[in-house]
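S.K.: Sharing a structure below in structure tokens format, with a few things to ask.
Just so you know, all these numbers are worked out from the coordinates, no wet-lab data involved. Here the structure is a predicted model, which means the values were calculated and not measured. No Cβ is skipped: glycine too gets one built from the backbone with ideal geometry, and neighbour counts run over all protein chains shown.
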Amino acid sequence: MMTWRVAVVVQLLIGGCAHDEGDQRDPPGSVCEVIGGDPVRDGATIHGIDYAVLGGFSGHGDGTELRIAADGTFTRQTVLHGAEQGQLDQGTLGDLASKVRAAKFPTLCATYACTSCGDDFVHEVSVQLDASTYTVQASEFASPPERLAVLIEALQAIVEGPLR
């Protein structure tokens with residue numbers, strides 16, 4: 001067990017799975033396939049956001065799913081709480097919309113993977129902006145750009161937070 005922990009720490013320190021916004025090189029051992037598409041306008045209409053945690057030992061994720069509609073209504077699913085519905089307040093919805101636009105989805109890699117990490121969870125985020133849908137996946141052991149990491153953290157907070 002100690003050997004496994006040391007191996008994970010060494011992998012994280014080496015940064016073999018890292019790819020950050022300032023480093024335009026591909027992550028070691030992988031190829032960055034940029035999502036592509038038209039640049040996202042500042043006022044782009046967000047028609048929906050989907051978030052799920054995939055992968056893990058079973059390959060089926062940890063049971064986390066979130067679907068947010070344009071009006072802020074959402075459905076979330078977790079193993080602990082089952083299916084729940086709620087409504088984001090306007091401040092949270094506006095903040096989330098800003099984070100989605102700031103992520104600049106067309107410029108992100110489709111996948112931020114850790115090629116030497118087995119059984120890790122993967123965050124999948126899909127957004128519908130104007131007439132386009134963009135999907136990106138980021139391993140828990142990868143280092144996606146900060147603009148994507150901030151969005152994933154916001155989505156996790158909605159999944160884990162109290163219903164309103």
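S.K.: May I ask you to compute the full-extension gain from ALA69 to GLU160, defined as 0.36 nm times their residue separation minus their alpha-carbon distance, rounded to one decimal in nm?
M.R.: Details: separation 91, 0.36 × 91 = 32.76 nm, distance 1.78 nm.
That pair, ALA69 and GLU160, stretches by 31.0 nm at full extension.
S.K.: Still on this model: Can you compute the modelled spin-label distance between ARG41 and HIS81, with each label point 7 Å from Cα toward Cβ, in nm?
M.R.: My value for the distance between the label points is 3.5 nm.
S.K.: Quick one: length gained pulling GLU140 to ASP62 fully straight, 0.36 nm per residue minus the C-alpha distance?
M.R.: Computed gain between GLU140 and ASP62 is 26.8 nm.
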